[in-house]
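Quick notes on the structure that follows.
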Amino acid sequence: MTTLIEAPPSDADGLLPTKKKASGGGLGQYILIRFLLIFPTIFILVTLVFFLMRITGDPITAALGGRLPPEQLAERIHAAGYDRPIFVQYFEYLGQLITGNFGTTLSDNRPVSEMLTTYGAATLELSINALLVALLVGIPLGMIAAHRRDKAADAVLRIFAILCYATPVFFAGLLLKLTFAVWLGWLPVAGRAKTSTELALTALQAPTGIYWLDSLRSGNMAALGDVFAHAVLPAVALGLLTAGIFLRLVRTNVIGTLGKDYVEAGRSRGVSEFRLVTKHAYKPALIPIITVMGLQIAVMLGGAVLTETTFEWKGLGFQLATYLTARDFVAVQGIVVLLAVIVAVTNFIVDIVAALIDPRVRY
Amino acid sequence: MSIEPTIAAESRRDPWFRRLPVISHFNKSVGLQRGMLVTGLVLTGLFLLTAIFAPLIAPFGFSQISDAEGNFPAQQAPGGKHLLGTTVGGYDVFSRVVWGAQTAVLVIIVAVIMSIFIGVILGLVSGYIGGWLDRILVVVADAVYAFPSLLVAIVMAIVISGGRSSLWGGILAAAISITVVFIPQYFRVIRAETIRLKAEPFVESAKVVGASNIRIMTRHIYRNATRTLPLIFTLNASEAILTLAGLGFLGFGIEPTSAAEWGFDLNKALADTTSGIWWTGVFPGLAIVLTVVGLTLVGESINDLNDPRLRGRRKAAPGKTGPDTAGSGTAGSQAPVSAEVSSS
């Protein structure tokens, strides 16, 4: 992560020394300021989540209240230090966070950080798959809609885009499950892989937790096929949610660039319509897509929680729902904080990429 | 279809009923845009009517599992007495879908009114006073805005009710959770407008005349800054429904005995799918989709029609159209296109 964040400034400083003088601001400075802005964002979210979760009382009463006699409850609260002043606990919590210690879950008594890395990999895999689906569906369809503007194909695609947005992921997942898993029987109903595959993959040395990567490494083709079959439906359900947004974005921006003079010039030189749409008009339309992609990460993480519950995909979202039902607020807090960090960092990366592509973005 | 009467009609002041928000938009619309607006209005109207007349439409109560003839059968296929079948707990699916509309409307109304109220006040104060208060509020609003809205709603749901509760408790909890998600949006819009308006001469002159800050905020700026709100309202209403359904799906909704909620029903339906029971999930899901499509179409049409650059023109030169997102195009292409919209 650190290499990713620190690489651009040195690189850009070497590349653009003359431009720096001309624009005044400079890319390095922009990246630095933008980087520093991550910390207040994370800090605010952590603080808000901490105090909001504590308004309702301490985690132990929430998790075990009613199931233990009051004396025992008080004893455990005291042992965990939840009877101290809230600000003492808050600063202790902040200190722990900085050292990467998220505490221990109450319901299954395991370190939160270990839980996060185990299930984070599954969520990462789902998000990458879904993003692939979204891009593969959204961008070509958006180009078609722009090219066939105001024709029947365009109208159908725009309705498709609205439907993508309007269908909650869990309903899309339910329909996909019904159609492809229950009625047609083509794909598995739920989970990330068969039990036998999961066992084979955990036997691997230093597994990444990302199943298709693990099965590729083991060279087990049957496992790869199984992992792929399990991945299709969740990826499509979550991907379609974002595909609609990409479709509309590509359409609007390609229509905008299709009207430019240089496209007209290309057309008069005899460049084919296909090439005009896919090359000339599409490239400049990419910049807003990258920016929106960053914003979509937040939407996708929210969607992942619901998708994982629908397909019993054992990732952060699935665990979040489980811990919520168990009233295990230490674990919930850990997951929420991790997601906050992910959102803040991706937004940072997206802003930097956008600034590298388009100089007008920098302040 | 000549162009002169249109111009004449626009320069004259129309009677009041033609200047009402939706009606004026309808009159401005044309072709595909009109099709979208009408489809949206019909769907939204159906949704509202269902919500209002739920007690008359629904054959049974939302938590009713038996009548004079005895207990309802569990997981019965659609048809006969139970139009859309029954769930595993013996609830009538059709009745719960109908009652669910009422819950959704209540939550949207409470949530949107609260977020407008709080968001507008914060935005006005923050934009007008400025300084450190403004800076802190902006950073907090941005942080909350960047965060997945469903997670914000989940955290709020824990805070408010620890999860679940009665009808009004549940509705309030869901509404407040959604409110927290939306406040940053209203806050941003109103704050930006306030800052722009603060520099206008009429605010300056109000100050010179000796108007108090509160008077300037509530009279001079408020009236001007809130013009875009109806639009955000329609767009947010659809998002509110999706957030409510998401909360319900995760089990943070309203107990089935205190109200019907589509997301909650979908969660319960999930277990049914593996045995091929489709009616418990498909119908509440369709209700969500149709409602959100309706609200989105209305919101987008109003957005496009408010913007002269995006508005389709009654008569456009063939092949020459502006950079719009909603179609305008020639008269020939409009007829099949709008047919497509209304048939969907």
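Take each residue of peptide A:293-302, count the partner chain Cβ atoms within 10 Å of its Cβ, and average: the result is 3.
Pairs from the table (A:K177/A:K279; A:K151/A:K177; A:K314/B:K268; A:K283/A:K314; A:K177/B:K268) lying more than 26 angstrom apart at Cα are A:K177/A:K279; A:K151/A:K177; A:K283/A:K314. Put simply, the amide H of A:T104, placed in the peptide plane, has neighbours under 5 Å in A:V112, leaving out anything fewer than 5 places away on its chain.
Hull volume per residue, based on the alpha-carbon atoms of the stretch A:218-303 and their convex hull, is 146 Å³. For the listed peptides A:106-112, B:93-99, A:269-275, B:260-266, a ranking on the average number of other beta carbons within 10 Å per residue, highest first, reads B:260-266, B:93-99, A:106-112, A:269-275.
Tell me, rounded to the nearest percent, the portion of alpha carbon pairs in the stretch B:192-293 spaced more than 21 Å apart. Everything past 21 Å amounts to 56 percent. Gain on full extension, evaluated as 0.36 nm per residue between A:L32 and A:T325 minus their Cα-Cα distance, stands at 101.3 nm.
Which whole number gives the average count of other chain Cβ atoms within 10 Å of the Cβ atoms across peptide A:149-157? Spell out each step's value before the answer.
Details: counts 6, 13, 5, 5, 0, 6, 13, 4, 0.
Mean shielding by partner chains, rounded to a whole number: 6.
Rule-based calculations on the coordinates, nothing more; no lab input. Since we're looking at a predicted model, the values are computed, not measured. Methodologically, a virtual Cβ is constructed for each residue, glycine included, from the backbone with ideal geometry; neighbour enumeration extends over all protein chains shown.
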